[in-house]
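Student: This structure is in structure tokens; I'll ask about it shortly.
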Amino acid sequence: MTAEAREAGSPKDPAADGERPLDIALLTYKGNPFCGGQGVYVRHLSRELARLGHRVEVIGSQPYPVLDEGEDSAGRLSLTELPSLDLYRQPDPFRTPKRDEYRDWIDALEVATMWTGGFPEPLTFSLRARRHLRARRGEFDVVHDNQTLGYGLLGDVGAPLVTTIHHPITVDRQLELDAAEGWQRRMSVRRWYAFTRMQKRVARRLPSVLTVSGTSRAEIVDHLGVRQDRIHVVHIGADTDLFSPDPSVRRIPGRIVTTSSADVPLKGLVFLVEALAKVRTEHPDAHLVVVGKRPTEGPVAQAVERYGLEGAVEFVKGISDAELVDLVRSAQVACVPSLYEGFSLPAAEAMATGTPLVATTGGAIPEVAGRDGETCLAVPPGDSGALAAGLSRLLGDEELRARLGAAGRERVLRHFTWARAAEGTVARYREAIARSAGADRPALPTPGRSAASSGTSRATTADAAGRSEAAEMPEAARADEAPRVRDGAQADEAPRVYEGAKAGEPARVTEAAQ
């Protein structure tokens with residue numbers, strides 16, 4: 001978004017909270033909402049921030065974020081593409097770029113890290129983002145990082161920094177190690193999750209951290225060593241306009257719906273498959289629809305074959321939002337079998353449709369789903385027998401399904417909406433801005449002025465920032481400490497191999513509609 005476009009937005013018009021509207025840079029190194037929870041977070045939060053009257057510029061890398069531009073956010077929401085070399089794009093992951101694709105030393109670092117078995121994107125995106133933000137000093141009131149946690153975001157990025165940590169990836173690491181068979185697999189997991197060392201170092205130096213649940217807050221303290229007084233819980237939620245009841249959609253007898261990342265251990269899908277085999281002894285029409293990719297091997301595929309469930313378990317992938325909502329509405333029961341969740345959007349979305357929920361008590365799920373017997377049926381994580389008992393109980397009791405479904409929707413409307421999330425996030429932005437203004441630091445140009453108007457060209461500033469980055473990058477940010485790539489499916493919040501867009505292109509601004 002240009003300075004002229006921003007000035008045209010009449011900064012005298014107050015935001016929804018009655019204060020001056022903010023200019024927000026929202027960073028995300030993995031922004032596609034179809035690749036995991038972080039993309040969903042950026043898509044919905046940016047929309048609601050714009051509806052509150054703030055100007056939001058999402059700055060992201062491949063696969064680029066998908067934004068929602070509508071009447072409520074027209075002219076206040078935009079996307080700036082900050083491309084990587086897109087080394088993991090399909091159908092050629094781990095590709096070697098052509099010589100003319102290299103633009104600078106960050107590109108060389110990205111390729112070198114991949115060649116040595118590392119996953120470079122959190123680090124290299126953070127370095128590109130810092131250079132980009134410094135070149136535009138004074139254009140933003142606040143910078144919001146969506147769990148990049150890269151070394152490049154330490155120090156001065158041109159505006160106060162607020163960071164969201166959905167949950168510590170060290171939790172994923174431990175669950176994967178517990179499930180790993182053989183020393184080679186355990187070594188592979190440890191190498192892949194080596195990037196958590198960088199995340200710990202960065203997290204401890206962050207001035208303001210947002211997280212999505214009380215459970216995640218406690219684990220950020222325990223696992224990452226962040227001071228408790230720097231962490232603030234802002235619950236996220238469901239799109240309750242989209243995820244809503246619709247009596248015209250027929251409930252299909254015996255249908256159970258879940259969302260799962262194939263064989264990622266923390267999602268607990270294998271326990272749900274085992275539970276389904278038990279449920280079908282009482283309810284022969286019981287069947288499972290999994291929103292996710294069908295595994296061709298591993299524990300889930302083996303369980304489906306072992307229990308003869310090939311015709312009772314269906315996997316769907318690549319469906320639209322509307323198709324997803326109707327799928328959840330068509331189920332008699334929704335299930336979240338996860339061993340751990342930092343929040344659980346699938347639980348909130350299912351409850352918002354009025355579909356009764358069976359969920360484990362893993363991680364923050366009880367914060368979302370509520371009390372057993374009131375808004376859901378709650379079972380211990382990793383217990384296929386308890387899952388089967390809960391599913392059988394709901395499938396056989398129409399009155400209980402109706403009561404839990406209505407209570408679940410009411411709980412989401414009271415506590416877990418994106419509008420509430422945006423309001424809470426803005427409050428933290430304003431705290432960070434006030435804290436920065438009170439600190440003993442040189443005055444910055446007035447927000448809203450372009451770099452050119454302050455007497456420095458953007459290109460010159462970018463060049464200077466680029467020359468200084470190598471000297472300023474902490475010693476621990478060397479390529480040999482970058483995260484490692486491993487085989488197999490990734491957790492939703494961990495980096496994964498993407499289907500991407502074009503590589504090697506300069507940063508360009510596009511409107512959300514594109």
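Student: Do you know which residues across region 270-292 are touching a strand residue (DSSP E or B) at 6+ places or on another chain (Cβ under 7 Å) and either under 16 Å from residue 308 (Cα atoms) or among the acidic types (Asp, Glu) (or both)?
Tutor: Once the filter is applied, which keeps residues that are touching a strand residue (DSSP E or B) at 6+ places or on another chain (Cβ under 7 Å) and either under 16 Å from residue 308 (Cα atoms) or among the acidic types (Asp, Glu) (or both), region 270-292 yields 272, 273, 276, 286, 287, 288, 289.
Student: Determine the pairs where a residue that is acidic (Asp, Glu), located within region 23-34, has a partner that is at pLDDT 90 or above and not in a strand (DSSP E or B) with Cβ atoms under 7 Å apart, the partner being 6 or more residues away or on another chain.
Tutor: 23/139; 23/140; 23/141
Student: Also: Yes or no: residue 258 among the hydroxyl-bearing types (Ser, Thr, Tyr) and either in contact with an Asp or Glu (Cβ under 7 Å, 6 or more places away or on another chain) or not in a strand (DSSP E or B) (or both)? Before the answer, list the steps.
Tutor: On the way: among the hydroxyl-bearing types (Ser, Thr, Tyr): yes; either in contact with an Asp or Glu (Cβ under 7 Å, 6 or more places away or on another chain) or not in a strand (DSSP E or B) (or both): no.
Here the answer is no, as residue 258 does not meet what is asked.
Student: Further, regarding this structure: Determine whether residue 128 is assigned to a helix (DSSP H, G or I) and either touching a helix residue (DSSP H, G or I) at 6+ places or on another chain (Cβ under 7 Å) or not assigned by TED's automatic domain parsing to the domain that holds residue 64 (or both).
Tutor: Yes; evaluated as a whole, the condition is true for this residue.
Student: Moving to a separate point now. I need a count of the residues in region 175-217 that are in a loop (DSSP other than H, G, I, E, B) and on the phi < 0 side of the Ramachandran plot.
Tutor: Qualifying residue count, region 175-217: 9.
Student: Quick check on this structure: which one of 364, 421 is crowded, with 23+ Cβ neighbours inside 10 Å and either small (Gly, Ala, Ser) or out of contact with any helix residue (DSSP H, G or I) (no Cβ under 9 Å at 6 or more places or on another chain) (or both)?
Tutor: 364
Student: The conditions are (1) assigned by TED's automatic domain parsing to the domain that holds residue 347; (2) in contact with a helix residue (DSSP H, G or I) (Cβ under 8 Å, 6 or more places away or on another chain); (3) not β-branched (Val, Ile, Thr), and residue 267 fails exactly one of them. Which is it?
Tutor: (2)
Student: Just for region 257-301: of the residues that are at pLDDT below 95 and among the hydroxyl-bearing types (Ser, Thr, Tyr), which one is surrounded by the most Cβ atoms within 10 Å (Cβ to Cβ)?
Tutor: That would be 260.
The values are calculated or read from the model by the stated rules, or taken from the named source; none is laboratory data. The structure displayed is predicted, hence computed values, not measured ones. Note that we place each Cβ from the backbone using ideal geometry, even for glycine, and neighbour counts take in every protein chain shown.
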